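Derivation of every value follows stated rules applied to the coordinates shown; laboratory data play no part. This structure is a prediction, so every number in the text was calculated from the model and none was measured.
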Amino acid sequence: MEAGIDSQREDTSKAHALRLTQKLEENQENYREELRISRNRVRTGLD
């Protein structure tokens, strides 16, 4: 029984880590897009 619980915890930890990784990648992508928009505004004098 104990081994099953440990295996389930490991699976849960992996799933959590995967979600965090996906969220981090999404945040980085959003940051890069915002940075690109900001640079374009500065270049075109919109700000």
Worksheet item: Stretch LEU18-ARG36 to full length: gain in nm at 0.36 nm per residue minus the Cα-Cα span?
Response: 3.8 nm
Response to the item:
Going residue by residue through the stretch 12-26, the Karplus relation 6.51 cos²θ - 1.76 cosθ + 1.60 with θ = phi - 60° gives ³J(HN,Hα) values, rounded to whole Hz and with x marking Gly or Pro, of 5, 5, 5, 5, 5, 4, 5, 5, 5, 4, 5, 5, 4, 4, 5
Worksheet entry | Label assignment, Cα Rg over 2.2 N^0.38 Å derived from the structure, set [x] 1.36; [y] 1.20; [z] 2.11 | [z]
